[in-house]
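J.: Got a structure here, written out as structure tokens. Questions coming.
The values are calculated or read from the model by the stated rules, or taken from the named source; none is laboratory data. In this text the structure is predicted, and so the values were computed from the model without any measurement. Cβ atoms come from the backbone with ideal geometry, glycine included; neighbour counts cover every protein chain shown.
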């Protein structure tokens with residue numbers, strides 16, 4: 001049994017099928033049937049648009065946002081006049097990672113009506129994805145430089161040993177010829 005919210009009333013959708021079909025709003029293309037866990041993964045990875053529909057029987061279709069289990073609880077304030085959603089926390093983080101929104105983007109929690117900045121929600125990463133990528137690339141660069149430094153130090157020790165050897169040989173040759 002799955003519950004839906006529609007016009008302030010809860011609609012219970014029952015069915016023997018645990019398989020779900022996603023119908024895309026833009027072109028009507030259908031995906032599935034797939035287990036509900038797959039639908040949940042699609043929603044959290046920004047693959048389900050708020051206007052897409054879902055069905056567990058192929059006959060009765062419901063807007064994805066009505067399916068409470070998808071947790072499409074967030075609206076993004078793109079501009080003062082344009083909003084996107086409802087959508088999932090995972091989608092917000094995906095948009096942040098892609099640079100489509102920032103930590104200063106206003107969002108609205110559909111459950112509470114509270115407006116806040118993306119950076120203020122509990123699921124906001126402590127380091128933005130770009131910083132994490134930058135840290136990873138800097139870490140890799142430091143490792144490369146350390147390896148290069150180790151190689152140069154080995155070459156320097158070899159060269160210093162060779163200089164010592166040549167200086168000793170020159171000293172021996174000089175003392176033998178006097």
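J.: Before we move on, is residue 75 modelled with pLDDT of 85 or more, closer than 22 Å to residue 26 by Cα and either touching a helix residue (DSSP H, G or I) at 6+ places or on another chain (Cβ under 9 Å) or not in a loop (DSSP other than H, G, I, E, B) (or both)? Quick ask: steps written out before the conclusion?
T.: On the way: modelled with pLDDT of 85 or more: yes; closer than 22 Å to residue 26 by Cα: yes; either touching a helix residue (DSSP H, G or I) at 6+ places or on another chain (Cβ under 9 Å) or not in a loop (DSSP other than H, G, I, E, B) (or both): yes.
Against the criterion (modelled with pLDDT of 85 or more, closer than 22 Å to residue 26 by Cα and either touching a helix residue (DSSP H, G or I) at 6+ places or on another chain (Cβ under 9 Å) or not in a loop (DSSP other than H, G, I, E, B) (or both)), residue 75 qualifies.
J.: Exactly one of these conditions fails for residue 121: (1) surrounded by 10 or more Cβ atoms within 10 Å (Cβ to Cβ); (2) modelled with pLDDT under 85. Give me its number.
T.: Residue 121 satisfies every listed condition except (2).
J.: Next question, about the same structure. From 94, 69, grab the single residue that is surrounded by 10 or more Cβ atoms within 10 Å (Cβ to Cβ), part of a helix (DSSP H, G or I) and in contact with a strand residue (DSSP E or B) (Cβ under 8 Å, 6 or more places away or on another chain).
T.: 69
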